[in-house]
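Can you keep this structure in mind? I'll have questions shortly.
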Amino acid sequence: MNLSHEIIEYQKKTNSNDTQLAFEIHLSVERLHTLKSNGELATPDEEKRILDFIRMHR
């Protein structure tokens, strides 16, 4: 599973932008951009929060 891909697919399906998603999952927009661009790996906590949120709101 690719976290960046999961984020992008979720945003396409829900028509949400980075600011909205970052706010909802309690990350900074800059951190979300970094994760989406695969600039850095997510911490285990970040990955869990993001994936839990996406799964809950599909």
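The values are calculated or read from the model by the stated rules, or taken from the named source; none is laboratory data. Computed from a predicted model, the values in this text were never measured in an experiment. Reconstructed Cβ throughout: ideal geometry from the backbone, glycine too, with neighbour counts over all protein chains shown. SASA here: full protein model, heavy atoms, side chains in, ligands and nucleic acids out. Shrake-Rupley method; radii C 1.70, N 1.55, O 1.52, S 1.80 Å.
Looking only at residues that are assigned to a helix (DSSP H, G or I) and not hydroxyl-bearing (Ser, Thr, Tyr) in segment 1-10, which one is surrounded by the most Cβ atoms within 10 Å (Cβ to Cβ)?
Ile7
A further question on this structure: Against the condition of a type in the set (Lys, Arg) and within 10 Å of the chain's Cα centre (by Cα), how does Arg49 come out, does it pass?
It is true that Arg49 is of a type in the set (Lys, Arg) and within 10 Å of the chain's Cα centre (by Cα).
Checking Lys13 against (1) open to solvent by less than 90 Å² (accessible area, probe 1.4 Å); (2) touching a residue at least 40 places away in the same chain (Cβ under 8 Å), only one condition comes out false. Which one?
With (1) open to solvent by less than 90 Å² (accessible area, probe 1.4 Å); (2) touching a residue at least 40 places away in the same chain (Cβ under 8 Å) applied to Lys13, the lone miss is (1).
State all residues of segment 5-45 that are of a type in the set (Ser, Thr, Tyr) and farther than 16 Å from Arg58 by Cα; if no residue qualifies, say none.
Thr19, Ser28, Thr34, Ser37, Thr43
Something else now. In segment 42-58, which residues are touching a residue at least 24 places away in the same chain (Cβ under 8 Å) and among the aliphatic types (A, V, I, L, M)?
The answer is Ala42, Ile50, Leu51, Ile54.
In segment 1-38, what residues are more than 8 Å from the chain's Cα centre (by Cα) and closer than 10 Å to Ile50 by Cα?
Selection gives Glu24, His26, Leu27.
Name the residue that is least open to solvent (accessible area, probe 1.4 Å), counting only residues in segment 17-58 that are more than 16 Å from Met1 (Cα to Cα) and modelled with pLDDT under 95.
For segment 17-58, the residue satisfying everything is Gly39.
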